Every structure is written in structure tokens, then in C-alpha cells.
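Read-outs throughout are calculated quantities, based only on the coordinates presented, and are distinct from any laboratory measurement. What you are looking at is a predicted structure, and each value in this text was computed from that prediction instead of being measured. For neighbour counting, all protein chains shown are included, and Cβ atoms are generated from backbone atoms with ideal geometry for every residue, glycine included.
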Amino acid sequence: MFNIDDIVRPNIKGLVPYSSARNEYTGKNAIFLDANENPFNAPLNRYPDPLQFDLKRKISRIKNVAVEKIFLGNGSDEPIDLLIRAFCEPGADNIISISPSYGMYEVCADINNIEFRKVLLTPDFQLDVEPLLKVADAKSKILFLCSPNNPTSNCLKREDMIKVIEEFKGLVVIDEAYIDFAPCTGMLDILDKYKNMVILHTFSKAWGLAGIRLGMCFADPQIIDYLNKIKYPYNINILTQNKAFELIENYEKEKDGWVKTIVEWRERLIKKIGEKKFTIQVYPSDANFFMAKIDDPKRLLTYLRDQGIIIRDRSKVALCEGCLRFTVGTPEENTLMLDKLVEYERLNY
Ligand SMILES: *Cc1c(COP(=O)(O)O)cnc(C)c1O
């Protein structure tokens with residue numbers, strides 16, 4: 001049986017967390033003379049709710065996950081870092097991830113002096129389950145998966161992820177930052193079944209709120225409690241809490257419209273770019289970006305940059321040799337880029 005107390009760092013298990021004024025008195029209509037705040041300049045003179053209950057209740061409804069299974073962070077980057085800090089002993093433990101994938105898992109491991117082990121995806125960008133499980137040892141505390149994966153943009157196969165969750169002895173974190181754009185449903189529906197599974201969502205992509213820094217982490221309440229124990233007391237500021245609340249309340253439908261438009265344009269761009277003479281292959285996508293293998297990626301990248309259009313060079317990344325990564329923009333931006341690509345093809349081929 002998986003028991004979280006077996007893998008948490010002993011010093012974190014025994015930690016007495018900072019107790020803030022707003023932890024100790026959580027009522028609302030009172031005269032607050034307890035936190036050394038300035039009484040003027042309301043409402044921003046007040047510290048935010050440390051556990052963001054109003055916002056979590058909203059998120060609970062849209063995600064259909066109980067409030068006590070939700071942690072909110074300063075972007076997804078915060079829970080990624082906190083999970084490593086809570087469960088991995090510096091200089092001793094290790095984490096595992098797939099390659100290629102999102103760079104933050106490795107950077108957070110490096111910062112915390114945690115060994116990073118990576119296992120290549122198969123040529124069709126799926127999990128190589130046996131080698132992935134084989135690199136694990138008694139010191140492997142967390143295994144990061146990303147689905148849809150960045151930069152390959154595909155959903156990982158659900159049965160492969162479940163096999164990994166069932167066999168791996170530590171936490172399996174599934175980063176679903178792009179799940180709103182994907183035909184696959186994600187893993188939230190089986191959150192209750194697997195106590196060692198952690199799921200990450202974000203407001204940075206489908207919700208169009210990268211600037212407010214708000215990430216969601218869903219897991220068993222015991223895991224959430226450990227994250228709450230070690231986070232900065234007021235990690236989500238009032239402006240961010242209010243903005244996200246307002247967007248969910250008033251603009252949830254608008255988000256669905258954005259996603260629909262982005263997905264339609266993604267398919268159009270994939271088709272158009274696939275027809276170009278400079279394109280070797282365009283990969284199908286389940287996200288708001290896609291990869292294209294280009295005969296001379298550097299030349300195309302430079303051409304577009306000179307035209308004021310910036311795309312991402314992934315040509316040196318494992319399994320992505322020669323690939324450029326295109327994020328889907330507004331209809332106007334996409335149209336302009338396609339025009340420039342027509343021009344580039346006419347000039348060079
Ligand atoms: C963009 C992205 C995120 C989002 O990170 P935030 O810190 O929430 O902005 C998370 N994971 C992956 C794989 C991403 O590409």
C-alpha cells in the first residue's frame with residue numbers, strides 16, 4: 001500500500017509551519033488589528049486568504065474536485081518545485097522524467113540538488129514503459145509525465161500512464177497544462193483511485209492568464225497538506241485571486257470559444273504548413289502548438305524573426321531534430337505568418 005508518510009522528507013514531516021494572522025483568525029466581518037497591516041488603502045491593504053478558499057470553491061466546481069484536494073501555486077512551477085522540496089532529500093534522492101519534455105522538471109531538480117534521470121520517448125512520442133520503470137530505484141521519489149507533452153504536443157496513452165502509476169513506488173505527477181486543447185480527457189476522473197498521482201493544470205494556457213501566475217495542483221489531501229505546510233504563507237496575491245475568480249464567474253464560456261478557435265486554427269496551420277516545400281513533416285497536435293520538421297530550420301527561423309514573427313527552435317532537442325515549434329496565435333497573426341511563409345517559399349524554392 002502506498003503511504004505518503006513513507007516518502008516525505010523527515011524534516012518536512014516534523015516541520016512546524018509558519019502560522020500567519022490569517023491562519024489563526026479566519027472570520028470575515030471584524031476589526032482587524034492583528035496583522036500589522038495599514039488600515040488605509042482598502043482592499044489591497046489586507047493580506048490575501050492564505051488558502052484561497054473562495055477561489056478554490058469555484059475551481060472545485062469547474063473541475064469537479066473536492067476543495068481539500070486542490071493546491072494553488074504561483075504558476076505550475078510552484079507545485080513542481082514544492083513537490084521536489086517536500087519529497088526529495090537533496091544529494092540523495094532522484095526524480096525521473098521523459099525526454100523530450102518540459103524543461104522545468106530538470107531545472108527544479110538541479111536547483112534542489114536532486115539527481116535527474118530521463119528516459120527517451122518512443123519514436124512516436126509515447127512512453128517507453130519498461131525502461132521508464134527500470135531506471136527507478138529506492139531513491140526515486142517522483143516521476144514526472146506531461147500529457148499533452150511539450151514540445152511533442154501529443155497525449156500520452158492513458159493505459160501506459162496507468163501502468164506507470166500502478167508500478168512506480170513514488171509519486172507520479174501528470175502535467176496537463178494543455179489538456180483543454182486535447183481530445184483526451186485527462187486523468188482527473190481517477191484521482192481518487194490512485195493516492196500516488198498528482199495532476200497539474202494551469203491558468204496560463206486555455207484561460208489566457210499567463211500573466212497572473214496561477215497553477216492548480218490536484219492530489220490526495222495528505223499530499224496537499226504537505227504542500228500547504230511548506231509554501232510561502234501568502235503565495236497567491238489578491239489581484240491574482242480576484243482576477244481568476246472573475247474570469248471563471250463571467251467568462252468561462254469565452255474560454256471555451258478561445259479554445260475552439262485555437263484548435264480550428266491549429267488544424268488549418270498544420271495543413272497549410274504541411275503543404276510547403278520546405279516542410280519535411282508536421283506532427284499532429286493535441287495542444288495549442290505544433291512541431292514541424294523543416295529542411296533548414298535555422299534559415300526559416302531567421303527569416304520569420306526578420307519579419308517580426310518569433311517561433312521556437314526545438315531543432316536540437318532529442319527526437320525533435322530539425323523541428324520548429326509554432327504556437328497558434330490570433331486569426332490575424334496566423335494569417336500574417338502564412339503569408340510570410342508563402343513569400344519565403346516563393347523566394348527560396
Ligand atoms: C506552459 C506550461 C506550464 C504552465 O506553467 P505555469 O507556471 O503554470 O505558467 C506547465 N507545464 C507545461 C508542460 C507547460 O508547457
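The ellipsoid equivalent to the alpha-carbon distribution of segment 120-160 has semi-axes of 20, 11, 9 angstrom, derived from the gyration tensor eigenvalues as √(5λ) and listed largest first. The calculated FRET efficiency for residue 232 paired with residue 346, based on their beta-carbon distance and R0 = 56 Å, is about 0.55.
With contacts taken as Cα pairs under 8 Å and at least 6 residues apart, the chain reaches a relative contact order of 17 percent. Calculation over all alpha carbon pairs of the chain in 10 angstrom steps from 0 returns a P(r) of 5, 23, 29, 24, 14, 5, 1, 0 percent. For segment 1-77 versus segment 199-243, the spacing of their alpha-carbon centroids is 10 Å.
Only alpha carbons enter this Debye calculation for segment 1-133, each as an equal point scatterer, and the log10 of I(q)/I(0) it gives at q = 0.11, 0.17, 0.20 Å⁻¹ is -0.63, -1.15, -1.28.
Work out the P(r) tail for segment 174-216: percent of alpha carbon pairs separated by more than 13 Å, whole number. Roughly 55 percent, rounded to a whole number. Over the residues of the chain, the helix contribution to mean residue ellipticity at 222 nm works out to -11500 deg cm²/dmol, using -39500 (n - 2.57) for each DSSP H run of at least 4.
In a GNM of the chain with a 10 Å cut-off on Cα contacts, which of 79, 100, 183 has the highest mean-square fluctuation? Answer for the Gaussian network model of the chain: 183. Normalised by 2.2 N^0.38 Å, where N is the number of residues, the C-alpha radius of gyration of segment 162-276 stands at 1.29. Dividing the mean sequence gap of close Cα pairs (under 8 Å, 6+ apart) by how many residues segment 1-140 holds gives a relative contact order of 18 percent. Plainly put, segment 1-72 has a radius of gyration that is 1.08 times its Kirkwood radius, both from alpha-carbon atoms, as the Rg/Rh ratio. Step through the table entries 157/260; 139/205; 157/340, compare each Cα-Cα distance with 25 Å, and write down the pairs that go over it. Checking Cα-Cα distances, 139/205; 157/340 exceed 25 Å.
Dimensions of segment 202-349 along the principal axes, based on C-alpha atoms and rounded to the nearest Å, stand at 59, 35, 26, largest first.
Relative to the globular-protein estimate of 2.2 N^0.38 Å, the Cα radius of gyration of segment 259-308 stands at 1.20.
Only alpha carbons enter this Debye calculation for segment 74-216, each as an equal point scatterer, and the log10 of I(q)/I(0) it gives at q = 0.09, 0.11, 0.18, 0.22 Å⁻¹ is -0.24, -0.37, -1.04, -1.56.
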